[in-house]
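Before anything else, here's the structure in question.
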Amino acid sequence: MLAVACGSSEQTSGFFVGAVSRDGSGSESRSYEQEYIEQLAEAPEDTLLNCSFDRVLDRPFGPDIPYTVYGSALHIDNHYFDEPVVLLSSAGLISDGLVQAVFNFTESPSSAVIGIVLRADGTDNFLLLGVNGRGQYTIQRCLNGLWMPVMGLDSFEKSRLLPYRLEDVTLTAEVHGNYTDFSVNGQLIQVIRTSLPPTGQVGVFVDAYMNTELDRITVMPF
């Protein structure tokens, strides 16, 4: 398990929008981007995972996480804490494939985010694809502790395909080359283009003040 707060930036709508990472010329932002482009995430230990938590001993995120499995779900209770949690699996992608996580919102502010983590490389480098209970989705890159936008998207984007007060949520990322299709409950929300394929370790993101159940996590190469 890796529990992280990526950066110490001011929160907006209950989520980090990142420290200022560029000046008027954008040179500093470009230097971070260049550093990100040149770094390849380490290859994962495994490339196939389908865990539905039918056994209390199921531990796709390692044996030391402080969360329990019961009722065919991993109960991630973070509602007492003001920092998000990232749980990283030993499984991941080495080429094209699918990552899917099925959540059940138990208790959370409407602004709180749950998401899929791709291309994780340590505790402060990953790509986040997430949603909240306000009909919004977020696609951001955490790079060396700073939150940065992807493809010029706002920190939160609205979609008419996302209902308010989400309860059961299936998040899917289909990676093909440098493109990732991000779907929520079977509806394609955004096609994301990155400088490098988002391969590497994967995981899940649970925002601060949030109590949720993870019903299933799947990693499958194409």
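Nothing in this text is a laboratory measurement; each read-out follows from the coordinates by a stated rule. Since this is a predicted model, take the numbers as computed values, not measurements. Virtual Cβ from ideal backbone geometry, glycine too; neighbours counted across all protein chains shown.
Could you compute the FRET efficiency for L153 and Q187, with r as their C-beta to C-beta distance and R0 at 22 Å, rounded to 0.05?
Rounded to the nearest 0.05, the efficiency is 0.80.
Here is a follow-up. Using θ = phi - 60° and the Karplus form 6.51 cos²θ - 1.76 cosθ + 1.60, what ³J(HN,Hα) does each residue of the stretch 162-175 get, whole Hz, x for Gly and Pro?
9, x, 6, 6, 4, 10, 8, 10, 10, 9, 10, 10, 9, 9
E83's amide H: which non-local residues (gap 5+, or another chain) put their own amide H closer than 5 Å, with H modeled 1.01 Å from N in plane and none for Pro or chain starts?
Y209
Taking the Cα centre of the stretch 43-221 as the origin and placing charges on Cβ (Lys, Arg +1; Asp, Glu -1), which of P163, A208, Y70 is farthest toward the positive end of the dipole?
Most positive-ward Cα: P163.
Under 1.5 on a/c is rounded, so check that first for the stretch 97-222, then, if it is not, pick prolate when a/b is larger than b/c and oblate when it is not; a ≥ b ≥ c are the square roots of the alpha carbon gyration tensor eigenvalues.
Rounded shape, in that the Cα axes give a/c under 1.5.
Same structure, new question: Full-extension gain between D82 and L196, please, as 0.36 nm times their residue separation minus the C-alpha to C-alpha distance.
Roughly 37.8 nm would be gained on extension.
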